[in-house]
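Below is one structure, written out as structure tokens; comments come after it.
The values are calculated or read from the model by the stated rules, or taken from the named source; none is laboratory data. Computed from a predicted model, the values in this text were never measured in an experiment. Don't worry about glycine lacking a Cβ; one is built from the backbone with ideal geometry, like all the others, and counts go over all protein chains shown. Ligands, DNA and RNA are excluded from the accessible area calculation, which covers all protein heavy atoms including side chains. Shrake-Rupley method; radii C 1.70, N 1.55, O 1.52, S 1.80 Å.
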Amino acid sequence: MHLSEYVHTPGAHCGSASLRNLSDFYEWGFDESLCFGLGSGLGFGYYERGPASRLIMGRNGQLETGFFETLGIDYREDSERQWDAAWSDVREYLADDVPVMLFVDLYYLDYFETNTHFGPHILLCVGTDGDDVLLSDSEFETTQRLPASHLREAWDSDHGFGPLDNRWLVVTDPTIETDLATASRDAVRRTADLMLSAEDGGWHSQGIDGIRRFAADLPSWTALGDSGWCARFAYQNIERRGTGGGAFRRLYADFLDHVASDLELEGEIPDRFHAVADDWTGLGDTLKEASEVEGEKQGALFEDASEQAAALADREERLFTRLREEL
């Protein structure tokens, strides 16, 4: 059983690419950057837990639900039920030709061939074939096949930004109730509020304050037993692990390019976000270099990275304050 009209397309980030694939399926006409921005997905969190003892994340946890709420699209979300009940619901939706968004730990996805736990990784379940499930995963060019028993482990993992708890989400009515200009304005305001007020963004994102805490803490990373892995993982979460580059800032800059005229934003604002994304990439390069050395060389690079992160916090504070004032 495979959804008859669903077409898989890879993308930059798992959550926004899944939303873009839903947009194609329901003919909403949004590209990935619009999906990311309309979901107010940009954020920042600094955590003392995870696959490394220090971890950063450039988005928040509300992207997927925020997208539907901003546009007034009806959806259903469920979690914290046992496998049999949750999987039965998913299969019912698939039988009705409805793709289902799942939140999983990619460690258990055989096709990733990774020994690192990471979740939630967001994908769409688009069918079944015998004992296998068919998954639309943004990281791959084609639909992937996985034994249902392995999905069971991935879907209920305790690893990630909180337990995954067999969480799923489906569109129950694809009608869009809010026009794009209004939705864009609301979404940008919400992102600015999240970044400036340190409001909980679902994964306890700490916004600008989080970037400053990360910057202040970086020089002390040399004392960590896994300092090299912390640096490497931070680099990956800026540039490699489905961020679209620049700690998700590049996706957000592309979104602002789309909506600047509707929101009557001055042209320099999207340009400044593109420049911020480039500087996040530069910070990622410093952290990558720090992951490959030890001792005094690593300490000096962490000092450099601290200065880069502090400067980025100042720039983002000015940018999001400007955005909030203009809207």
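Of the strands (runs of 3 or more DSSP E) contained entirely in the stretch 102-208, those carrying at least 2 residues that are in contact with a strand residue (DSSP E or B) (Cβ under 9 Å, 6 or more places away or on another chain), hydrophobic (A, V, I, L, M, F, W, C) and surrounded by fewer than 22 Cβ atoms within 10 Å (Cβ to Cβ) fall at 168-173. In the set (1) farther than 18 Å from A311 by Cα; (2) free of Cβ contacts under 8 Å to residues at least 24 places away in the same chain; (3) hydrophobic (A, V, I, L, M, F, W, C), A253 fails one condition alone, (2). The listed residues are C35, C14, and the only one of them that is modelled with pLDDT of 95 or more, touching a Leu at 6+ places or on another chain (Cβ under 8 Å), open to solvent by 10 Å² or more (accessible area, probe 1.4 Å) and not acidic (D, E) turns out to be C14.
Residues of the stretch 216-245 that are part of a helix (DSSP H, G or I), out of contact with any Asp or Glu (no Cβ under 8 Å at 6 or more places or on another chain), touching a residue at least 12 places away in the same chain (Cβ under 8 Å) and hydrophobic (A, V, I, L, M, F, W, C): A216, W221, W229, C230, A231, F233, A234, I238.
Here R81 clears all of (1) farther than 30 Å from R240 by Cβ; (2) out of contact with any helix residue (DSSP H, G or I) (no Cβ under 9 Å at 6 or more places or on another chain) except the condition numbered (2). Within the stretch 225-235, the presence of a residue that is open to solvent by 60 Å² or more (accessible area, probe 1.4 Å), over 27 Å from E139 (Cβ atoms) and in contact with a helix residue (DSSP H, G or I) (Cβ under 6 Å, 6 or more places away or on another chain) is excluded. Listed by first and then second residue, the pairs with beta-carbon distance under 8 Å, at least 6 apart or on different chains, first residue in the stretch 90-116 and touching a residue at least 24 places away in the same chain (Cβ under 8 Å), second surrounded by fewer than 16 Cβ atoms within 10 Å (Cβ to Cβ) and charged (D, E, K, R), are D97/E5; D105/E153; Y108/E153; Y111/R145. Scanning the stretch 297-327 for residues that are open to solvent by 70 Å² or more (accessible area, probe 1.4 Å) and out of contact with any Ser or Thr (no Cβ under 9 Å at 6 or more places or on another chain) yields K297, E303, E307, E317, R318, R324, E325. Residue count for the stretch 245-275 satisfying the condition of being within 18 Å of the chain's Cα centre (by Cα) and of a type in the set (A, V, I, L, M, F, W, C): 7. Looking across the stretch 1-37, the residues that are of a type in the set (S, T, Y), touching a residue at least 40 places away in the same chain (Cβ under 8 Å) and either more than 25 Å from D131 (Cα to Cα) or out of contact with any Asp or Glu (no Cβ under 7 Å at 6 or more places or on another chain) (or both) come down to Y6, S16, S18, Y26, S33.
Would you mention how many residues in the stretch 269-296 are under 9 Å from A253 (Cβ atoms) and among the hydrophobic types (A, V, I, L, M, F, W, C)?
Residues that pass the stated criteria total 4.
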